[in-house]
1. Restricting the search to the range 78-93, which residues are touching a helix residue (DSSP H, G or I) at 6+ places or on another chain (Cβ under 8 Å) and either touching a residue at least 24 places away in the same chain (Cβ under 8 Å) or of a type outside the set (Lys, Arg) (or both)?
2. Quick test of your reading of the structure: ASP95 fulfils all but one of (1) modelled with pLDDT of 85 or more; (2) acidic (Asp, Glu); (3) not in a helix (DSSP H, G or I). Name the failing condition by number.
3. What are the residues in the range 42-96 that are under 15 Å from THR111 (Cα atoms), among the hydroxyl-bearing types (Ser, Thr, Tyr) and buried (at least 16 other Cβ atoms within 10 Å of the Cβ), if any?
Amino acid sequence: MPRIRLMHIVLAILVGLGAIFLIRLHGAAGQSVAMRGNAESGRLYVQKWCTECHSVEPETAGTGQFAPDFTVVAQRRSPRWLRGFLRQNHLQMPDFVFKPDESADIVAYITSLKR
């Protein structure tokens, strides 16, 4: 095989691999932005759904009825753990069914409470 033909094949492979890398990188970046969520929207969701049992604001820490304060949850749990938790059935709390963007917003809010 002529050397120039081999160089063209190698170059085509490298361009293809580069394109795949860029597509995955762009997809991952778009996904991470979606997973970040909007903390302000998350604050509104947790005020609506969670305040009956949890203290959800830093100013109200320690006033939750029988569930952990969200400031404590923020210190102890990772965003990944929180996302998984929100997708599971819950034994000691209502089984809320959150849309992916709602979950992302709630996680963004809770993690914003981390000091």
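1. Scanning the range 78-93 gives PRO79, LEU82, ARG83, LEU86.
2. So ASP95 meets the others, but not (1).
3. TYR45, SER55, THR71
The values are calculated or read from the model by the stated rules, or taken from the named source; none is laboratory data. Remember, predicted model here, so these are calculated numbers, not experimental data. So basically every Cβ, Gly included, is an ideal-geometry build from the backbone, and we count neighbours across all protein chains shown.
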